[in-house]
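Student: The structure under discussion is supplied below as structure tokens; questions concerning it will follow.
Readers should treat all values here as calculations from the given coordinates under stated rules, not as data from a laboratory. No experiment lies behind these values; they were computed from the predicted model shown. As a convention, Cβ positions derive from the backbone with ideal geometry for all residues, glycine included, and neighbour counts pool all protein chains shown.
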Amino acid sequence: MPRGALIVLEGLDRSGKSTQVSRLVSRLNAAGHRARLQKFPDRTTPIGGMIDAYLRSASELDDRAVHLLFSANRWECHAAIERDLAQGVTVVVDRYAFSGIAFSAAKGLDFTYCLSPDTGLPLPDATLYLTLSPETASRRGAYGAERYENVDTQTAVRAQFAKVAEEVGRRHGDARWVEVSAEGSVEEVERDIWGVVEDVVRRVGDEPVGRLWE
Ligand code: NYM
Ligand code: MG
């Protein structure tokens, strides 16, 4: 049986990821692929609950401690992801290790340190990075009330995402990281994402799943 594809959407807050991941899952299922959504952080687990409290500023945590919790939250889900991929289900992921690196490195944690706890996770077949200019972001209205949802942090995170893109290209090849402009309408962005994903899903069926940063 051909395996499913691991497709990640990344981007700054308000880049439209949540809208696009749910449209992508629907479209894949409508096209006859089995697909499901996985969101990180997954706030439904006990570790996710600690992350949620931190993001809502209901708790304070050391920067390294919370970095490791975000990674642990991915590790507690990896077996289910790998099982689904093996059974032919495409897993569409809303944020992954790349957000983990970008947000923690933006706080000043060492870039190489930030990479290491996610080493060995299933490697996405494609990561679609939704790009948004600061001007468009500000036109989309006020940020939410969570930690990191402010212009200064988002600017620093954008710079770290550029480093992450380079690192993915260097370690895993440029084809694994695809920039998609999120400036257009929901339908335009959806069409651009579909143009990439359709090919990936068809192509990876008999390739083994790679390992992140290995
Ligand atoms: N975030 C997300 C991190 O800082 N590290 C991570 O590993 C992940 C997956 O959590 N501002 C941050 C980015 C977001 C915040 O995510 C909550 P969302 O997608 O807004 O629920
Ligand atoms: Mg958010």
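Student: Quick one: dipole size for the range 134-214, taken about the Cα centre, charges +1 on Lys/Arg Cβ and -1 on Asp/Glu Cβ, in debye to the nearest 20.
Tutor: 280
Student: Tell me the mean residue ellipticity at 222 nm calculated for the chain from its helices only (DSSP H runs of n ≥ 4, each -39500 (n - 2.57), averaged over every residue, nearest 500).
Tutor: Estimated from H runs of four or more residues: -16500 deg cm²/dmol.
Student: A further question follows. Compare the Cα positions of S133, P122, N29 along the charge dipole of the chain (+1 at Cβ of Lys, Arg; -1 at Cβ of Asp, Glu; about the Cα centre) and return the one farthest towards the positive end.
Tutor: N29
Student: While we're here: Ranking S181, S15 by Cβ neighbours within 10 Å, fewest first, what do you get?
Tutor: Fewest-to-most Cβ neighbours within 10 Å comes out as S181, S15.
Student: Now for a different question. Provide the FRET efficiency to the nearest 0.05 for the T131-R171 pair, computing r from the beta carbons and using R0 = 25 Å.
Tutor: Here the calculated transfer efficiency is 0.75.
Student: Taking Cα pairs under 8 Å and at least six residues apart, what relative contact order does the chain come out at, in percent?
Tutor: That works out to 34 percent.
Student: Which value, in debye to the nearest 20, gives the size of the charge dipole of the range 6-203 about its Cα centre, when Lys and Arg are +1 and Asp and Glu are -1 at the Cβ?
Tutor: Using only the charged Cβ atoms, the result is roughly 360 debye.
Student: To continue, here is another question. Quick check: convex hull over the Cα atoms of the range 6-203, volume per residue in Å³, rounded to an integer?
Tutor: Each residue corresponds to 114 Å³ of Cα convex hull volume.
Student: Continuing with this model, one more query. Rank S116, S59, S99 by mean-square fluctuation in a GNM of the chain with C-alpha springs under 10 angstrom and give only the top-ranked residue.
Tutor: S59
Student: Right, something else. Can you list the residues of the range 91-123 with backbone N under 18 Å from a point 7 Å past the Cα of L37, pointing along Cα to Cβ?
Tutor: Correct set: 91-96.
Student: Determine the gain in length on full extension of the stretch N29-A53; use 0.36 nm per residue of separation and subtract their C-alpha separation, reporting nm with one decimal.
Tutor: My answer for the length gained is 5.3 nm.
Student: Could I ask something else about it? Compute the FRET efficiency between R211 and T112 as 1/(1 + (r/R0)^6), taking r as their Cβ-Cβ distance and R0 = 22 Å, and round to the nearest 0.05.
Tutor: Efficiency, rounded to the nearest 0.05: 0.80.
Student: Over the range 38-136, what lengths in whole Å, largest first, do the semi-axes of the equivalent ellipsoid take, defined as the square roots of 5 times the eigenvalues of the alpha-carbon gyration tensor?
Tutor: Those come to 22, 18, 14 Å.
Student: Using only the C-alpha atoms of the range 163-214, find the volume of their convex hull and express it per residue in Å³.
Tutor: Here the figure is 88 Å³ per residue.
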